[in-house]
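Here is the structure we will look at, set down as structure tokens.
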Amino acid sequence: MRYPMLLLPVFKENLWGGEKLKQEYGKISPLEKIAESWELSVHEQGDCTVENGAYAGRTLRDYLLAEGPGVLGVNANGELPLLVKLIDTAESLSIQVHPGDAYARMHHNCAGKTEFWYIADCEKDAALYCGAGALSKEELLRRAKDGSITDVLYRFPVRKGDAFLIEPGTIHAIGSSMTVAEIGTNCNVTYRIYDFGRTDKDGRPRELHLAQAADVFRANTGRKEWMEDSGDRLMDCGPFSVREIDLNGSREFCADESGFHYILCLEGDFAVGENRIGKGRSLFIPAGLGRYSMEGTAKLLLVLI
């Protein structure tokens, strides 16, 4: 069974989280502050629930197991390869790094982590860290311990609509006062390098993962330019691509057997058939569904594999 699916997210709390996902994106949760809203996930730490249609009330994983790999498409190789989040930062995240495929499979039995960040909103002076120059393991460890690691990282002031590609091994941190749409591979392994001296709710410093970080980091920067394609902005992220769409009226797309489509609404609202999707909501279009139309006025991210 193939139909456009509305998904209910999984909410995550963290000490750096804020209140914008509740106040501006309509998220409803008993959590005092929502740090992350997992919008597309079958991860073991959070599985989205289908809101509409025959599978309403069941998890997305249930749907995929029942219907088989065809609904993901040939390019997915039998597994949902994405984890999509909305992130709200009242404080900066830790300085961190993610492993690549080989290291992650060896140590965590999962794929590595590639991320795409889209700045959905931010305050005037917001900035993030993304990448580092030439840095030895010894210097990385020394700077992580003495707190000077940020001195050798690339710092980018950000504006709404900016985008970054965070490849495995890239040292990075989202800064405070921004809302980010994070589209990544289905991995939640993070090696924390430096946490600005913060403690958890019990007063204990959060765990660092310096040995693992030293194994996987590499010198690079995640700044990458959009490509122009048919009036949209497009970024090829390797395992997936992201198309920024300014919808004003009606457009038609086709989800063929090669792969599913995933649509995240960041502003305005739009409809696919009888499904109306507003700010902060998303839609999963199974592979093989065929042609479908989007109608409305909205800022969208369309993710393809």
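Just so it is clear, none of the values below were taken in a lab; they were calculated from the coordinates. Since this is a predicted model, take the numbers as computed values, not measurements. Note that we place each Cβ from the backbone using ideal geometry, even for glycine, and neighbour counts take in every protein chain shown.
Sort LYS12, LYS113, LYS20 by Cβ crowding within 10 Å, fewest neighbours at the top. Working shown, then result.
Working: LYS12 18, LYS113 25, LYS20 22.
Going from least to most buried by this count: LYS12, LYS20, LYS113.
Counting alpha carbon pairs within less than 8 Å and at least 6 residues apart, what relative contact order, in whole percent, applies to segment 237-304? Don't skip to the end; give the middle numbers.
Numbers: 166 pairs, mean separation 33.5, N = 68.
Relative contact order, segment 237-304: 49 percent.
With a ≥ b ≥ c the root eigenvalues of the C-alpha gyration tensor of segment 1-157, is it rounded (a/c under 1.5), prolate (a/b larger than b/c) or oblate?
Numbers: a/c = 2.59, a/b = 1.47, b/c = 1.76.
Oblate, since a/c reaches 1.5 and b/c is not below a/b.
With +1 on each Lys and Arg Cβ and -1 on each Asp and Glu Cβ, how big is the dipole of segment 237-304 about its Cα centre, in debye rounded to the nearest 20?
Details: 7 positive and 9 negative charges, 30 e Å.
In total the dipole reaches around 140 debye.
Percent relative contact order of segment 171-305, based on C-alpha pairs within less than 8 angstrom and at least six residues apart? Each step should come with its number before you reach the end.
Numbers: 220 pairs, mean separation 29.8, N = 135.
Over segment 171-305, the number comes to 22 percent.
Considering the chain as a Gaussian network with a 10 Å cut-off on Cα pairs, which listed residue, PRO30, PRO205, PRO99, attains the greatest mean-square fluctuation?
PRO30
Relative contact order of segment 5-216: what whole-number percent is it, with Cα pairs under 8 angstrom and at least 6 residues apart? Walk me through the numbers on the way to the answer.
Details: 466 pairs, mean separation 50.7, N = 212.
It comes to 24 percent, rounded to a whole number.
What per residue convex hull volume, in Å³, do the alpha-carbon atoms of the chain yield?
Details: hull volume 39.8 nm³, N = 305.
Taking only Cα atoms, the chain has a hull volume of 131 Å³ per residue.
Which order do TRP38, TRP16, TRP226 fall in if you start with the one that has the fewest other Cβ atoms within 10 Å?
On the way: TRP38 22, TRP16 19, TRP226 15.
Going from least to most buried by this count: TRP226, TRP16, TRP38.
In what sequence do LEU128, LEU289 fall when counting other Cβ within 10 Å, fewest first? If you can, show how the numbers build up before the last one.
Details: LEU128 27, LEU289 18.
Fewest-to-most Cβ neighbours within 10 Å comes out as LEU289, LEU128.
Quick query: amide H of ARG233 versus all other amide H atoms, modeled in the peptide plane; which residues come in under 5 Å with a sequence gap of 5 or more or a different chain?
Excluding prolines and chain starts, which carry no amide H, the hits are GLU244.
Just order 21-28, 170-177 by mean Cβ neighbour count inside 10 Å, highest at the front, would you? All intermediate terms of the calculation are to be shown ahead of the outcome.
On the way: 21-28: 15.9, 170-177: 23.9.
Result, highest mean first: 170-177, 21-28.
Got a sec? Charge dipole of the chain, +1 on Cβ for Lys and Arg, -1 for Asp and Glu; which of LEU93, LEU234, GLY290 is way out at the positive end?
LEU93
By how many degrees, between 0 and 90 and to the nearest 10, does the Cα long axis of helix 137-146 differ from the longest principal axis of the chain?
It is inclined by approximately 80 degrees.
Counting other C-beta atoms within 10 Å, and keeping those with at most 13, which DSSP coil GluC sites (Glu not before Pro) do you find in segment 161-237? Intermediate results must be reported in sequence, preceding the final value.
Numbers: sites: GLU182, GLU207, GLU225, GLU228; in loops: GLU207, GLU225.
Counting only loop positions with at most 13 other Cβ atoms within 10 Å, the GluC sites (Glu not before Pro) in segment 161-237 are GLU207, GLU225.
Tell me the Kirkwood radius of segment 237-304: reciprocal of the mean inverse pair distance over distinct alpha-carbon atoms, in Å. List each step's numbers first, then the result.
Values: mean 1/r = 0.0838 Å⁻¹.
Radius from the Kirkwood sum: 11.9 Å.
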